[in-house]
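All remarks here apply to the structure that follows.
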Amino acid sequence: MLAFVRGKLAESLPNQVTVDVNGVGYHAFIPLSTFDRLPQPGAEVRLLTHYHVTDRDHMLFGFLTSEERDLFRLLIDRVSGIGPKLALAVLSGMPVADFKDSVIRNDVAALSRMKGVGKKTAERIVLELQDKVGVVETWQAARSAKADHDPSRQAQTDAVLALIALGFKQVEAQKAVTELVKQPGFDAAASTADRLIRDALRVLNY
């Protein structure tokens, strides 16, 4: 599985790029949010990737940030009826932070204004992310942690979000991270999100 590609940006279009990695061209589909921040062709670029395999296609998707890739995976894995193309349309339609805020506020109207996302799909996104996945509570916690400038709390919420993106439910992801935090000798100042994710996976027997 490809986690990222790094090389020279050979070609870029609003919905796709080609990255030259030591003479091999990797073609990836991208959202507009990534395209808008790409360097000029010829410069070095690093894209986080998602390799999507079906019976009919093998497709590579690229993102500049983990937030974009996590939301993409969340949509295609956890919301019924949303495939890669529609997930890219969502990321192209509004910034990740605005999307999360719209889901938190049940703003179906804002979501349905995105190209390719009608009212029924917007309602399904809100319903399934809130009720089935339970990710909204963690998004709210992450927003509060940023507002309070609390690095330790931010690392914990980032770890929970990463676990949700990996397929765990919000309740079990939050429980695993909370158990780690309560362990004797836990050093909040030294605990990064990456370390919490690794330790939480052990708690979850993954």
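The values are calculated or read from the model by the stated rules, or taken from the named source; none is laboratory data. Since the model is a prediction, treat every value here as computed from it, not as a measurement. Cβ: placed from backbone, ideal geometry, glycine included. Neighbour counts: every protein chain shown.
Take the conditions (1) surrounded by fewer than 19 Cβ atoms within 10 Å (Cβ to Cβ); (2) touching a Gly at 6+ places or on another chain (Cβ under 7 Å); (3) under 24 Å from LEU161 (Cα atoms); ILE30 misses just one of them, which is (1).
Selection of segment 53-70 for residues being surrounded by 17 or more Cβ atoms within 10 Å (Cβ to Cβ) and at pLDDT below 90 yields GLU67, ASP70. Filter segment 1-27 down to the residues that are surrounded by fewer than 16 Cβ atoms within 10 Å (Cβ to Cβ) and of a type in the set (A, V, I, L, M), then identify the one that is nearest to the chain's Cα centre (by Cα). Only one residue tops the list, namely ALA3.
Yes/no per residue for (1) touching a helix residue (DSSP H, G or I) at 6+ places or on another chain (Cβ under 6 Å); (2) assigned by TED's automatic domain parsing to the domain that holds THR178; (3) surrounded by fewer than 19 Cβ atoms within 10 Å (Cβ to Cβ):
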site: LEU88; (1), (2), (3): no, no, no
site: PRO95; (1), (2), (3): no, no, yes
site: LEU111; (1), (2), (3): yes, no, no
site: GLY116; (1), (2), (3): yes, no, yes
site: LYS119; (1), (2), (3): yes, no, yes
site: GLU123; (1), (2), (3): yes, no, yes
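Considering each of SER66, SER92 in turn, give the residue that is on the phi < 0 side of the Ramachandran plot and under 12 Å from the mean Cα position of the chain (by Cα).
Values: SER92 fails: under 12 Å from the mean Cα position of the chain (by Cα).
When all the criteria are applied, what remains is SER66.
Scanning segment 152-197 for residues that are under 16 Å from the mean Cα position of the chain (by Cα) and charged (D, E, K, R) turns up ASP158, LYS169, ASP194.
Kindly provide the set of residues from segment 157-190 that are among the small types (Gly, Ala, Ser) and either surrounded by fewer than 16 Cβ atoms within 10 Å (Cβ to Cβ) or assigned by TED's automatic domain parsing to the domain that holds ARG78 (or both), ordered by number. Full working, then the answer.
Within segment 157-190, the subset among the small types (Gly, Ala, Ser) is 159, 162, 165, 167, 173, 176, 185, 188-190.
Selection gives GLY167, GLY185, ALA188, ALA189, ALA190.
Among the residues of segment 8-38, those identified as touching a residue at least 12 places away in the same chain (Cβ under 8 Å), in a strand (DSSP E or B) and of a type in the set (Ser, Thr, Tyr) are SER12, TYR26.
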